[in-house]
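The values are calculated or read from the model by the stated rules, or taken from the named source; none is laboratory data. Treat the numbers as computed from the prediction; the structure is a model and nothing was measured. Glycine gets a Cβ as well: all are built from the backbone with ideal geometry, and neighbour counts include every protein chain shown. We work out accessible area using only protein heavy atoms, side chains counted, and drop any ligands, DNA or RNA first. Shrake-Rupley method; radii C 1.70, N 1.55, O 1.52, S 1.80 Å.
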Amino acid sequence: MLKNWAVVPTCLPIVRRRCHACASQRLRASGKFRVNANHKLLDVWLLALCTACGETAKLTVLERMTVRSIPPELLDRLHANDPGLTAELLQDPAVQHQNRFALDWTDAWRLDTGGSDHLDLDVIDVAVRNAARIPVRPTRLIAEGCGVSRGEVDRLIAEGKIVSAFRLSGKLSGDFTFTLKR
Ligand SMILES: [Zn+2]
């Protein structure tokens, strides 16, 4: 039986970047964008607030772009301070790289297993979808989803009762699959 699990964001992750005003390394996206027009060129920033002192940091989204080169739909979302757009941009590797930040997803996601009706099955194939590319420990996820301890998961892997084409030790930040045979 194939089960689909999902790693689902429950709130925006913390932006890990040093605050300019204090020693804090934690910023929280404000959900607001700043759009600045200058001779038909647009600069767009995503505003974030230091969790310690409240100082505003500007994360570059677009730099010196002509208005025509920006999809109208994107402009609408920027002007509407679209919350979904904030989430997308924070997860965009290009935005992360340009602004030199990483994301801290601690306490910002949950595992959705679609119910616990699989717990008594002898064999299950599980496809785990992780669209937001949140770094997770597969063994922790499997333990939570199957209602067993992390030690039990380690034992099942060692005994070949949990098999996967993916490396289940350490962390993964993408989709993965595994099979559990009890
Ligand atoms: Zn600060």
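Brief remarks follow.
- Hydrodynamic estimate: the Kirkwood radius of the stretch 136-175 over Cα pairs, inserted into Stokes-Einstein at 10 °C and 1.306 mPa s, corresponds to D of 156 µm²/s.
- Relative to the current alpha-carbon distance between SER169 and ASP43, full extension at 0.36 nm per residue lengthens the span by 41.1 nm.
- With Cα atoms defining each centre, the stretch 84-104 and the stretch 8-46 are spaced 9 Å apart in the structure.
- Of THR51, ALA23, VAL123, farthest towards positive along the dipole that unit charges on Lys, Arg, Asp, Glu beta carbons give the stretch 1-138: ALA23
- Ratio Rg/Rh [Cα only; Rh per Kirkwood] for the chain: 1.10
- What you get for the stretch 79-182, charging only the Cβ of Lys and Arg (+1) and of Asp and Glu (-1), is a dipole of about 440 debye around the Cα centre.
- Element breakdown for the chain at a 1.4 angstrom probe: carbon and sulfur atoms account for 50% of the accessible area.
- Highest-MSF residue in the chain out of PRO138, PRO71, PRO93 [GNM, Cα springs under 10 Å]: PRO71
- Contact order normalised by residue count of the chain, Cα under 8 Å, 6+ apart, percent: 25
- Trypsin sites (Lys or Arg not before Pro) within the stretch 97-147: DSSP coil, no more than 11 neighbouring Cβ in 10 Å: ARG100
- Only Cα pairs under 8 Å and 6+ residues apart enter the sum, and on that basis the relative contact order of the stretch 1-76 stands at 22 percent.
- Within the shell defined by Cβ-Cβ distances under 10 Å, the residues around ARG18 carry a net charge of +4, with Lys and Arg each +1 and Asp and Glu each -1.
- Local electrostatic count at THR113 - Lys and Arg +1, Asp and Glu -1, tallied over other residues with Cβ under 11 Å: -1
- Once the Cα-Cα distance is subtracted from the 0.36 nm per residue extended length, the ASN36 to LYS58 segment shows a gain of 6.7 nm.
- At least 20 Å along the helix axis (C-alpha) and Kyte average at least 0.5, DSSP helices within the chain: none
- Proximal lysines to LYS181, defined as alpha-carbon separation beneath 21 angstrom and excluding residues fewer than eight positions away on the same chain: LYS3, LYS161
- In summary, no lysines lie within cross-link reach of LYS40, defined as a Cα separation below 19 angstrom excluding same-chain residues under 8 places away.
- Taking a sphere under 14 Å around the Cβ of LEU103 and counting the other residues whose Cβ falls inside, with K and R at +1 and D and E at -1, yields a net charge of +3.
- Of the trypsin sites (Lys or Arg not before Pro) found in the stretch 1-53, the ones in coil according to DSSP and having at most 11 other Cβ atoms within 10 Å of their Cβ are LYS40.
- Heavy-atom surface of the chain, accessible at 1.4 Å and reported per residue (Å²): 57
- DSSP beta bridges in the stretch 1-146 [antiparallel fraction, %, rounded to 5]: 85
- The chain - charge dipole about Cα centre, Lys and Arg +1 at Cβ, Asp and Glu -1, debye rounded to 20: 680
- Per-pair calculated FRET efficiency, R0 = 45 Å: CYS11 and LEU75 via Cβ, rounded to 0.05: 0.95
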